[in-house]
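The values are calculated or read from the model by the stated rules, or taken from the named source; none is laboratory data. The shown structure was predicted, so the numbers you read here are calculated from the model rather than taken from an experiment. So basically every Cβ, Gly included, is an ideal-geometry build from the backbone, and we count neighbours across all protein chains shown.
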Amino acid sequence: MTKIEYVAIADQVDQSNHPSTFLTKYIWSQDHKVIAIQYSITAIAVGLVALVLSGIMRLQLGFPNEFSFIDPASYLQFVTMHGMIMVIYLLTALLLGGFGNYLIPLMIGARDMVFPYLNMLSYWTYLLSVFVLLASFFVSGGPTGAGWTLYPPQAILSGTPGAHAGILLMLTSLAIFIVAFTMGGLNYVTTILQARTRGMTLMRMPLTVWGIFVATILGLLAFPALLVSAIMMIFDKVVGTSFFMPAILSLGETLDHSGGSPILFQHLFWFFGHPEVYIVALPAFGMVSDVIAIHARKNIFGYRMMVWAIIAIGGLSFVVWAHHMYVSGMNPYFGFFFATTTLIIAIPTALKVYNWLLTLWRGNIHLTMPMLFAIGFIFTFTHGGLTGLMLGNVVIDLPLSDTFFVVAHFHMVMGVSPIMVLFAAIYHWFPLLTGRFLDNKLGKFHFWGTFLGTYAIYLPMHYLGFLGVPRRYYAMGDTDFIPESAQTLNAGITVSAIIVGLVQFIFIANVIWSTFKGKKSGRNPWQATSLEWQTADFPPGHGNWGEQLPQVYRWAYDFSVPKVKDDFIPQNLPSEEVEYLTSERNNDRGKK
Amino acid sequence: MTIAFVIILLVIATLVFHFISPWWFTPLASNWQTIDNTINLSLWVVGAVFVVVSLFLAFVIIKFRHNKNRRADYEPENNKLEGWLTLVTTLGVAAMLAPGLVVWGQFISVPENSKIVEVVGQQWHWSYRLPGKDGKLGKTAIKLISEENPFGIDVNDINGADDLLVKSNELHLLIEQPVKVLLRSKDVLHNFAVPQFRVKMDLVPGTVTFVWFIPTKLGRYELLCEELCGIAHFTMRGYIKVVSASDYQTWLTSLPTFTQTLARDTANIAQGKQLYTGCVSCHGIDGQGNEAMNAPKLMGLSRWYLHRQLSYFKRKIRGQNSDDLYGQQMSAMSALLPDDKAIADVSAYLSSLTAIESIPVSTGDAIKGKAFYKNCSYCHGEHAQGNYAMNAPKLAGQYPWYLKRQISSFQQGIRGAHPADLYGKQMILMSKTLHDERAINDVVSYINSLTNVR
């Protein structure tokens, strides 16, 4: 038996086959950086579709019965597609498929993902899921209008728009997406565990990698619940099984189903759905931590606490799901348990907010574009997180559940906040991709429009919820309990929403313009410590590191270390090469 | 720097908005003051945290903004500070959670002296059932639901015989009487929500859920479905009327028992034909209608629909609006039908006539109309044939001029706005999806074409 000699990945010579043709370089690429860009462009493109859909919804709510192309059926279809696209096909894909792909190998000092071919397959499978999803706009009956939660029985019954081809395409697309995610996700986890370069211990990883790592594990555990519920619902619809279908009528006719449980679906859906919130939030937490530290020139405060908070939040996120179901008719005693776990999860989350603030405290804050968005994030996330404390507290959910308060809360915490981080991240890492900065003037316009505009949308929206305005209503009509002024408020929200929507096109224009004409950034423009900025070539080429993988000597947050000449020490700089201000050589305090 | 001042301004603006906002909870009309108290407590706590955190953020940005001559501190950890922050946060969270759990304990313990009411949801209507003198509700099953037995009550269950049925979207409740509302759905998920009562709960097909409260204020409150239940979700409204003891008794005695509803079919077609002679001058000898007299076609319409409309005219629920000239006429003429029996007879007679389906073709674009009609088809049927289970009358075969006039009457609230018009509000909301006269013409042409095809 021949023995295969073991060589640590970090010691292996560069054996990458560098692609030479346009097709292998940019289309069928196995380079994680190209795949990341493919993921990002697709996600942003489909996200723009969802943005337009939200604008149409807002037109109906702000100015009911003014626009004849929005009828009750298409309204519900727009609501559904907007929600599903934003949560799954934009946020999940962009944060993990986009940023995860780009940053993991670069930040941990790997040449690529450990399974590059699988990585490529993941993207193309994702693209297929997007096409299947969008195809539902062109089939008879249109896309499903069951709401993004797709609750049966109505999702597959004739009283709901798109209950035939539309819902089947949606469920199929989700199943395909989950296949894509699993291929990507296994890759991210394996890469982080196996391909870290020499010296890159887990507790030296930047928080970005930690966030993406834990989020991916959550995804790998949570998405199967969605997959099985999608398959079971397809069976109920096509084969006539009764997983989720009790004996019921549909528009007056008795159906053949019996014995199924609609609440079973809700448990499965939210067993996926709640971790999904953190699949989006944790990478955002990680990235914003790094942006804040770098642009405030200060180490992240309480790094170990931040890591454990990410892990704790990830773990707890699997035992809070039924707080989405307080009024679902489940066993009422569950309320005690899930309210308690839900409020417990607020503690590690609050600590993260404190630590961001304490990172800024006695920092040297550069109000760059990434920092502005990061500050915007802290504000909106605090706001959205606090209203979550209310809704999680079971009895408060009784009057507010299914009203616009819920809509405002989750848009604040899961829409605006992660998107603030995405923008911070795009402005921050754009030079790494292109060697150029995004334009600052357009950026300012984009930031203020987005930050102020979204607050003008969602702050008043909470008050519609207090009033009792239900969500997913095509129109309120005249009611006794809602004053006419509420309609004025709704119109104002719509105007803000349209402005926020338009401002995003400035951002798109900025990206396109700056890619070709933007100001040259030079190497490591933000003077960051993490590895992705320390590559041999800038921007990094295929294989990332040239001949030799970097060696890591310290954590990612050695900013403004006392007595050191520069205000940052790159992770791969040996202690001997650190330049000091005085002759006296201290022990390197940054080594953790 | 601007960002810091903007954050301070946003905090101020948020507080100002909060305190001057006229948009707040509706006045409470139930015993759930404790829920309101929990909300207020939580709001104060989270509001204070929001203000403190945001202002601290602004302060830090101003104080530690970039300065070339200063270096940031180097402070990786501070266990003591982190420990204190954890402790304070935990205490704050516990302070909010504890009262919440106590109130939830109240919410799930139904008082012993509660009376039972069953609320039945279906796409997109409410109906109600009360136990009779025995205090027990009869068993039900989906497969037993039929036109005669819309609640699906088991005739073999003795408890069901005296159940009181409310086939209307309005439920009356006795003031200060604790009530346990049993929630049952015939088709999909719905949600029983009355903003003034604060509590809500889903109706789940296949099981019976419940919610309890004590109505504490006289009045008529809107009941909304707050769980997406299909295309007409937003029109699924009902009313809960909280009344005094004497009014409640009157209402109870007006309700038929299950046995009575089964035995009701005593309509006499011959008698109906006799009564109809008073109507022929306008509606024609066979109920074929007459445009010159503004009289719609009646032949072949469903009995239950004719019955409902005639009794609306008679009870001054329809035809009272000053803009509804022909409705007023009809309301006056309904005096020819002395009682409910007469209405039943004449309805039975007219529905027994075979409809002649050929009618004058209208002028709209039927192809465009088909797209509009999609929204109507869920209730009125793909061929506009009507559907008893959805409480939706047949439209096919009716004169275009009549349909157009009714649609625009619904839009303007000339028809359907009376509080006792059960499904009028739904039609008002749905008719508004037709945005102009052309859309109305188109949809009517499409309905018209359905007739001519057959």
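Determine whether residue A:44 is closer than 30 Å to residue A:492 by Cβ, under 19 Å from the mean Cα position of the chain (by Cα) and surrounded by 15 or more Cβ atoms within 10 Å (Cβ to Cβ).
Taking the combined requirement at face value, the residue satisfies it.
Regarding residue A:351, is this residue in contact (Cβ under 8 Å) with a residue 60 or more places away in the chain, within 9 Å of another protein chain (Cβ to nearest Cβ) and assigned to a helix (DSSP H, G or I)?
When the stated conditions are applied, residue A:351 does not pass them.
Testing residue B:36 on (1) out of contact with any Pro (no Cβ under 6 Å at 6 or more places or on another chain); (2) within 7 Å of chain A (Cβ to nearest Cβ); (3) touching a residue at least 60 places away in the same chain (Cβ under 8 Å), one condition comes back false. Which one is that?
In the conditions (1) out of contact with any Pro (no Cβ under 6 Å at 6 or more places or on another chain); (2) within 7 Å of chain A (Cβ to nearest Cβ); (3) touching a residue at least 60 places away in the same chain (Cβ under 8 Å), residue B:36 misses (2) alone.
Please count how many residues of segment A:518-555 are of a type outside the set (Phe, Trp, Tyr) and not in a loop (DSSP other than H, G, I, E, B).
Result for segment A:518-555: 3.
List the number of the failed condition for residue A:399; all other conditions in (1) under 30 Å from residue A:443 (Cβ atoms); (2) surrounded by 24 or more Cβ atoms within 10 Å (Cβ to Cβ); (3) out of contact with any Leu (no Cβ under 8 Å at 6 or more places or on another chain) hold.
(1)
Starting from segment B:1-28, take each residue that is under 17 Å from residue A:371 (Cα atoms) and list its partners that are part of a loop (DSSP other than H, G, I, E, B) and modelled with pLDDT of 95 or more, counting only C-beta distances under 8 angstrom and pairs at least six apart or across chains.
So the pair list comes out as B:1/A:367; B:3/A:367.
Could you list, in sequence order, all residues of segment A:384-422 that are within 30 Å of residue A:535 (Cβ to Cβ) and within 14 Å of another protein chain (Cβ to nearest Cβ)?
Hit for segment A:384-422 is A:420, nothing else.
Quick check on my filter: what residues within segment B:386-435 are within 11 Å of another protein chain (Cβ to nearest Cβ) and hydroxyl-bearing (Ser, Thr, Tyr)?
Hits for segment B:386-435 are B:388, B:431, B:433.
Output the residues belonging to segment A:465-502 that are more than 9 Å from chain B (Cβ to nearest Cβ) and surrounded by fewer than 19 Cβ atoms within 10 Å (Cβ to Cβ).
Answer for segment A:465-502, where residues must be more than 9 Å from chain B (Cβ to nearest Cβ) and surrounded by fewer than 19 Cβ atoms within 10 Å (Cβ to Cβ): A:484, A:487, A:488, A:491, A:492, A:495, A:498, A:499, A:501, A:502.
Of all residues in segment A:105-120, which are aliphatic (A, V, I, L, M) and buried (at least 18 other Cβ atoms within 10 Å of the Cβ)?
Answer for segment A:105-120, where residues must be aliphatic (A, V, I, L, M) and buried (at least 18 other Cβ atoms within 10 Å of the Cβ): A:106, A:107, A:108, A:110, A:113, A:114, A:120.
For segment A:354-383, how many residues are assigned to a helix (DSSP H, G or I) and facing another protein chain (nearest Cβ under 7 Å)?
9
Among the listed residues B:81, B:87, B:91, B:97, identify the single one that is facing chain A (nearest Cβ under 7 Å), without any contact (Cβ under 8 Å) to a residue 12 or more places away in the chain and in a helix (DSSP H, G or I).
B:97
Output the residues belonging to segment A:292-335 that are surrounded by fewer than 23 Cβ atoms within 10 Å (Cβ to Cβ), in a helix (DSSP H, G or I) and hydroxyl-bearing (Ser, Thr, Tyr).
Once the filter is applied, which keeps residues that are surrounded by fewer than 23 Cβ atoms within 10 Å (Cβ to Cβ), in a helix (DSSP H, G or I) and hydroxyl-bearing (Ser, Thr, Tyr), segment A:292-335 yields nothing.
Return the pairs, sorted by first residue and then second, in which the second residue is not in a helix (DSSP H, G or I), the first residue lies in segment A:437-464 and is acidic (Asp, Glu), the beta carbons are less than 8 Å apart, and the residues are 6+ apart or on different chains.
A:439/A:518; A:439/A:519
Condition (residue is more than 7 Å from chain A (Cβ to nearest Cβ), buried (at least 19 other Cβ atoms within 10 Å of the Cβ) and either touching a Phe, Trp or Tyr at 6+ places or on another chain (Cβ under 9 Å) or modelled with pLDDT of 95 or more (or both)) applied to segment B:61-75: is it met by at least one residue?
So far as segment B:61-75 goes, no, none of its residues is more than 7 Å from chain A (Cβ to nearest Cβ), buried (at least 19 other Cβ atoms within 10 Å of the Cβ) and either touching a Phe, Trp or Tyr at 6+ places or on another chain (Cβ under 9 Å) or modelled with pLDDT of 95 or more (or both).
Has segment A:496-516 got at least one residue that is aliphatic (A, V, I, L, M) and over 24 Å from the mean Cα position of the chain (by Cα)?
no
Within segment B:119-168, track down each residue that is surrounded by 22 or more Cβ atoms within 10 Å (Cβ to Cβ) and in a helix (DSSP H, G or I).
Listed by number, the list holds a single entry, B:160.
Kindly indicate whether any position in segment A:260-278 is within 14 Å of chain B (Cβ to nearest Cβ), surrounded by fewer than 18 Cβ atoms within 10 Å (Cβ to Cβ) and farther than 30 Å from residue A:345 by Cα.
no
For residue A:107, are the conditions met, namely being in contact (Cβ under 8 Å) with a residue 40 or more places away in the chain and part of a loop (DSSP other than H, G, I, E, B)?
No: the conditions fail for residue A:107.
Working carefully through the options B:108, B:20, B:116, find the one that is within 7 Å of chain A (Cβ to nearest Cβ) and either surrounded by fewer than 18 Cβ atoms within 10 Å (Cβ to Cβ) or not aromatic (Phe, Trp, Tyr) (or both).
Result of the check over B:108, B:20, B:116: B:108.
In segment A:121-168, which residue that is among the aromatic types (Phe, Trp, Tyr) and not in a loop (DSSP other than H, G, I, E, B) is surrounded by the fewest Cβ atoms within 10 Å (Cβ to Cβ)?
Looking at residues that are among the aromatic types (Phe, Trp, Tyr) and not in a loop (DSSP other than H, G, I, E, B), I get A:138.
Test residue A:359 against the stated conditions and say whether it is of a type in the set (Ser, Thr, Tyr), under 15 Å from residue A:466 (Cα atoms) and out of contact with any Leu (no Cβ under 6 Å at 6 or more places or on another chain).
When the stated conditions are applied, residue A:359 does not pass them.
Residues to consider are B:156, B:149; find the one that is under 22 Å from residue A:255 (Cα atoms) and more than 11 Å from chain A (Cβ to nearest Cβ).
Just a single option satisfies the conditions, and that option is B:149.
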